[in-house]
Every structure is written in C-alpha cells, then in structure tokens.
Amino acid sequence: MLDYIIVGSGLAGISFSERLLESNKTFCVFNTPGNASTKVAAGLYNSVILKRFNLVWKAQEQINALPQFYANIEQKTKAKLDYSLEVRKRFTSIEDQNEWFVAADKQKLASFLDAQIIANSNKSINAPFGFGKVLQTGYVDVALLYDVYQEYLANLGLFTNEAFDYSSLTMHLDGFEYKGIKAKNIVFAEGFGLHQNPFFNFLPLDGTKGELLKIHAPDLKLDYCLNSSLFILPIGNDNYKVAATYNWTDKDSLPTEEGKKELLDKLNAIINCDYTVLEHLAGVRPTVLDRRPLVGEHPIHKSMYVLNGLGTRGVMLGPYLAQLLFDCIENKSDLDPQVDIVRFKEKYF
C-alpha cells in the first residue's frame, strides 16, 4: 500500500510530490486536465501587491520556503528553473512617486521596497517619472518545470499521464483503491479541474482566465521585469512575456482577440520599439472568492485532501502550502484557518 495518490501535476501537485520525496513517502501521481494555467503562467514571484502596496498573505514565509525548494528540483532534473530578477514599478505621475515613498517607509514593506527612485535611461520605454525597485523578486520557468518534473517522476515510475476517473476510486476503512493501486491517503491538486471533482466541487473555486503574449523585441533590452498596467518579463534572447489579463466570466483556455488587443494596447503605451508577437497563450487560474487557497481534509471522507486555489502566485504558494498540508496529515498540525476548507463546511454540509 502506498502512502499517497496525488491527482494533478501542476504547481500544487509538483509541490506536494516534492515534499513527499523529501520525507521518503511512497506515492504515485496522475495527470489530469485543468492544469493549463501552470503551463502558461508567467512564474513571477513578488511579495507586494503594487496596486495597493499590500503584502501578499504570509509573504515572508513563502519567500523563505522558495529558494531551497526550487534548488532541490533543479538538482534532480538538471534544469535551470529559478531566476533572481529585479522588478521595477513604472511611475506614471509625481503622485505615484509619493505613494511609493510612503509605502517604502512602512516597517512591514521596508524589506521589499527600495525607497530610491530610479531614473529611466532606456529610450525604448516611456517612463518620464522613473521606477521603484521591488526586492526579493524573481521568476520560475513554470512551463519547463511542468515538463521536466513530469519526466522526472515518470523515470521513477511514479507518474501516469491519464485523466483521473473518479468513478474508479473505491474507499476502504484503511484507505483508497484506484485501478489496483492502494493508498492510505489521496490528495486532489487539479487546479481549475476541481469543478469536475465530485468530492470537492462544492468548494467556491471561481477561476480567472488570463492571457499572455510572448514577443521578440531586439531593441527593448530589459534586464528587469517592468511592472505597469501589465508586466514585461525578459526570458532571454530578446524575448519577453507580456501579461496579464483578468477575465472572470470566460472559463476556457482558448486565447481571444479581445485579450490580445488589451495586452497590445497596454504594451504600446509603455514601449516605443518594434516587436514581433511570437505566441499567444491563455489559461484559467484557480482563484477563490475569498482570495485564500483551498487546503484540508474532506468534511466526510477521511484521509481525502485538497490542495488548490493557488491563484496568480502559485510559484510562491505551492511550496509553502504543501508543507502546511504535509504537517497537517503526518504531524497532526492544525491548518491555518484562513486556508482550511473547514471555513466552508457550514455553508455546504
């Protein structure tokens, strides 16, 4: 009997798989539809919500867990995944600058915001009011992570690339059985695919569609991530990711002309050099109505767990939440009530 079955191989599934490997737990992973957001995510990590100058939930704890987590995966897969990269916020007015000064002076933000204004010296960027530098930032090549980690698990005999058939799951007193595989616990980490999960589809996973462009701009010459009405992320060879849109009604993973136009209009207002659009991608982020992840045990079925709702910051949230869930299961630790799905129990059960 295995210790775990994991359903889902996006950021949530990868994070929990890695935690199990570190603890010498036995498990297998089933790929499942609904992870498109991982493959198309920009992978940027930044602890400050720059529109409102708020820290993200548990920002420092997430940042602390991140470097070693991805370093371990890089060592196993022999792939470069984690890149330290400066983020600069583009100011649009003197008022913008003043708000930055006020925010950088706050104790909780001081370690994340540099108080100095950086003058713009790049002729390809329209930024007469300069930039503010965000600290402790970078990005993870999530598309590469998705592919190399699946290959890594497959080489260990731990990965099955087929959609999970919920009707084939049998519950026993001592665990679960799925197509001849027995396990003590099962963790569902399907992203937006949670809507097809008959055990956890009561949870208020909303889903927010995001679209992204990859462009080639030889004259742009950015060596930092530019944050404005969108962000421009350098990914090497004069190529950049340009993102993102937020659509709360469209729930498919197909790129749209409306999304492309929105991105191009915003991009053209920021840069004034030539570029070529290389690729247009879309995915549905697993977002939650109360802006907190979905973690915990099913209210009826014991030893059945969910790890979901990573939203727009999955590369930060994944490692931290995987540790929380692991400690809850293996060490009987209490989950943070802000992420524990028990917060929805009275509403649905």
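Annotations
- Single residue of the stretch 72-115 satisfying the filter (β-branched (Val, Ile, Thr) and not in a helix (DSSP H, G or I)) that is farthest from Tyr320 (Cα to Cα): Thr92
- Going through (1) modelled with pLDDT under 95; (2) open to solvent by 60 Å² or more (accessible area, probe 1.4 Å) one by one, Phe192 falls short only on (2).
- Search result, residues across the stretch 161-212 that are basic (Lys, Arg) and in contact (Cβ under 8 Å) with a residue 24 or more places away in the chain: Lys182, Lys184, Lys209
- Residue count for the stretch 95-141, restricted to those that are under 15 Å from Ile49 (Cβ atoms) and open to solvent by less than 20 Å² (accessible area, probe 1.4 Å): 9.
- Some residue of the stretch 114-129 being within 27 Å of Asn268 (Cα to Cα) and of a type in the set (Phe, Trp, Tyr): yes
- Tabulated pairs, the stretch 55-71, first in a helix (DSSP H, G or I), second among the small types (Gly, Ala, Ser) and open to solvent by less than 50 Å² (accessible area, probe 1.4 Å), C-beta under 8 angstrom, 6+ apart or interchain: Ala59/Ser47; Gln60/Ser47; Gln62/Ser47; Ile63/Ser47; Phe69/Ser15
- Some residue of the stretch 141-161 being at negative phi, part of a helix (DSSP H, G or I) and of a type in the set (S, T, N, Q): yes
- The set of residues from the stretch 244-286 being hydroxyl-bearing (Ser, Thr, Tyr), surrounded by fewer than 20 Cβ atoms within 10 Å (Cβ to Cβ) and more than 30 Å from Asp340 (Cα to Cα) comprises Thr256, Thr276.
- Condition check for Leu289: farther than 23 Å from Leu169 by Cα and either open to solvent by less than 60 Å² (accessible area, probe 1.4 Å) or at pLDDT below 95 (or both): yes
- Boolean, Lys241 is farther than 30 Å from Lys182 by Cα, open to solvent by 30 Å² or more (accessible area, probe 1.4 Å) and in contact (Cβ under 8 Å) with a residue 40 or more places away in the chain: no
- Some residue of the stretch 205-215 being open to solvent by less than 30 Å² (accessible area, probe 1.4 Å), closer than 30 Å to Ser167 by Cα and touching a His at 6+ places or on another chain (Cβ under 9 Å): yes
- Any chance Ile329 is more than 27 Å from Thr170 (Cα to Cα), touching a residue at least 60 places away in the same chain (Cβ under 8 Å) and either open to solvent by less than 60 Å² (accessible area, probe 1.4 Å) or in contact with a helix residue (DSSP H, G or I) (Cβ under 9 Å, 6 or more places away or on another chain) (or both): no
- Some residue of the stretch 3-16 being surrounded by fewer than 20 Cβ atoms within 10 Å (Cβ to Cβ) and at pLDDT 95 or above: yes
The values are calculated or read from the model by the stated rules, or taken from the named source; none is laboratory data. Being a predicted model, the structure only gives us computed values, none of them experimental. Quick reminder, even Gly has a Cβ in these numbers, built from the backbone with ideal geometry, and neighbours come from all protein chains shown. These accessible areas exclude ligands, DNA and RNA; they are computed on the full protein's heavy atoms, side chains included. Shrake-Rupley method; radii C 1.70, N 1.55, O 1.52, S 1.80 Å.
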